[in-house]
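Here is the structure we will look at.
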Amino acid sequence: MVRVLLHLDILVEPKRYTGMDTAMDSFLVPCIVKEKIPSRIQQNATSDRTICIAYRLKETELPSALSYKLIGAAISIWPLKRIDSRYCLFSQAAIMDADETNELHILVEGQRIVLYLVNKVSKQLISPDLATTTQECLTLALGRIIQFYSRCCGRQEYQSSPDLFEIEVGEICRGETCFIPLTDALSREHWRCKNGEIHETKCSLSWFFDKNKEQCDPNCEGLKTETLLLKPNDQHFVQLARKIGIGDFYSFFIQLGMTKTDYDDLNFRYFSNPMDFMLMGLFNWRDTEECNQSTTTFDKLLKALTAIESEHYLCQIHREDHSLVEKAERRLQDIPSDVVINGLTKENLIGDCVVHFGVELGLSIGNIKETMHNFPRNLNGQIHNLLVKWKTQKQHEKVKPTIYRLMVALKRVRAAEGLAFVKKSYGVE
């Protein structure tokens, strides 16, 4: 059984088997995709929200059919974005939802394949783990595709990636993309583009971050001034709570301007799970600031962290776990079945991490609080309701709720039994 995916208003699907969703292969039909990517969509990739990387082929242009093999490799990990109920698949271009706050754009332009990661707010908030994982996956895929093409053309000898393409990083500048070879960017802090503008290399080099690094470099100067003025999101609070730990959280909480009474109230309600306790403390701080017509910023977090001599925790706030990407495949982009959703809660396979799990699923804190209110003292009911909300949310409002995203959320809350159950249900090794 196959699924044909088109950029029309159609998604042609075969009949599904009854019971648990059956995984199916899929392929793209490039001869049917005629529409160029609209300029209004390309304009979303602005200089302040976008990082770029390009692969410049050394010998030939990538044929249209093979460009869709690269897009297909990306779709096996990140689902196609939908705008006005239409999939964002175009002639030699595609847009995917990398996560709730980032889009991945792929454009094939002659001998150059360009990738853009576009954040909803600022490129300073793009996780280097996401950028590097994206680069590693697509660099590997592109190398294999070109090798395949070379063999089809009669070339038998193996060629390494440097022989096939040159990697460039770049910046959006005056409405176009300016590039610098990666080899040059690695040795510079700044570079001058063809428009005469001076660009920093720091954000561009997020594509090549050491994902095993857990501490700042000795010469780290912290977040840039423009980043400190931005507002942290729920995922930032998760990473910050993980770094601080429950032992130092009280001191940090007080330095944010909260009181011991606030802390004791939180402890009374959320004492059973330290991560949920710390997250609700950070959400309460944000609510308090906003009620006072103030804005929660990274700068305020930095001042509180500096007071407890942990200022460099803020440098790690953009880190994310993308280690499951090696398990990603097209069939995991389906929506999980009710059988799996019900099994996770019936067998109590997730634990008591209600707030943390809701955040990892991409639900708002308002949605999470509503669930906790509607299912008081019913842990399984709370977890199940979160899963149902996540699965049934309108796709034009949120990123598609896929099996793969469920696996990622389970891993990030360390629900090992739940993750094993989902893997077994869908035959993931």
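The share of C-alpha pairs in the stretch 226-321 whose separation exceeds 18 Å stands at 40 percent.
Probing with 1.4 Å while keeping every protein chain in the model, the per residue accessible area of the chain equals 48 Å².
Across Trp207, Trp390, Trp191, mean-square fluctuation computed from a Gaussian network of the chain (C-alpha pairs under 10 Å connected) peaks at Trp191.
Rounded to the nearest 20 Debye, what is the dipole magnitude of the chain about its Cα centre when Lys and Arg each give +1 and Asp and Glu each give -1 at the C-beta? Working shown, then result.
Values: 53 positive and 56 negative charges, 234 e Å.
Around 1120 debye, computed over the chain.
Computed over the chain, the alpha-carbon pair-distance distribution with 20 angstrom bins reads 24, 55, 21, 1, each value a whole percent.
Give the carbon-plus-sulfur fraction of the accessible surface of the stretch 229-313 in %, rounded to a whole number; probe 1.4 Å, heavy atoms of protein chains only.
The value for the stretch 229-313 is 49 percent carbon and sulfur by accessible area.
Say the dipole of the chain comes from +1 at the beta carbon of Lys and Arg and -1 at that of Asp and Glu; which of Ile83, Trp390, Ala185 then lies farthest toward its positive end? About the Cα centre, the residue reaching furthest to the positive side is Ile83.
Toward the positive end of the charge dipole of the chain, with +1 on the Cβ of Lys and Arg and -1 on the Cβ of Asp and Glu, the farthest Cα among Ser47, Phe148, Ile244 is that of Phe148. The string of couplings for the stretch 67-75 from the Karplus curve (6.51, -1.76, 1.60, θ = phi - 60°) is 5, 6, 5, 5, 4, x, 5, 5, 5 Hz, one whole number per residue in order, with x for Gly and Pro. Under a no-solvent Debye model with one identical scatterer per Cα of the stretch 134-243, what's log10 I(q)/I(0) at q = 0.11, 0.13, 0.14, 0.22 Å⁻¹? Values, matching the q order: -0.57, -0.75, -0.84, -1.29.
Within straight-line reach of Lys389, meaning a Cα separation under 19 Å, sit the following lysines at least 8 residues removed in sequence or on another chain: Lys346, Lys369, Lys398, Lys400. Residue-wise HN-Hα couplings along the stretch 363-380, as the Karplus relation 6.51 cos²θ - 1.76 cosθ + 1.60 with θ = phi - 60° gives them from phi, are 7, 6, 5, x, 5, 5, 4, 4, 5, 5, 6, 6, 10, x, 6, 10, 4, 4 Hz; Gly and Pro carry x.
Across all Cα atoms of the stretch 240-376, the radius of gyration (one decimal) and Dmax (whole number) stand at 17.4, 50 Å. Pick from Leu70, Leu379, Leu387 the residue whose mean-square fluctuation is largest in a GNM of the chain, springs joining Cα atoms under 10 Å. Ranking Leu70, Leu379, Leu387 by mean-square fluctuation puts Leu379 first.
In the structure displayed, which of Lys58/Lys123; Lys243/Lys411; Lys327/Lys423 lie more than 19 Å apart, Cα to Cα? Before the final figure, lay out the partial values.
Numbers: Lys58/Lys123 29 Å; Lys243/Lys411 17 Å; Lys327/Lys423 10 Å.
Beyond 19 Å: Lys58/Lys123.
For the stretch 385-429, a Kirkwood radius taken over Cα pairs fed into Stokes-Einstein (10 °C, viscosity 1.306 mPa s) yields D = 141 µm²/s.
Just Arg412, Arg269, Arg112 to compare: in a GNM of the chain, with alpha carbon springs under 10 Å, which one fluctuates most? In the Gaussian network model the winner is Arg269.
The values are calculated or read from the model by the stated rules, or taken from the named source; none is laboratory data. Owing to the predicted nature of the structure, the values given are computational and were not obtained by experimental measurement. Counting neighbours? That spans all protein chains shown, and the Cβs are built from the backbone with ideal geometry, glycine included. Ligands, DNA and RNA are excluded from the accessible area calculation, which covers all protein heavy atoms including side chains. Shrake-Rupley method; radii C 1.70, N 1.55, O 1.52, S 1.80 Å.
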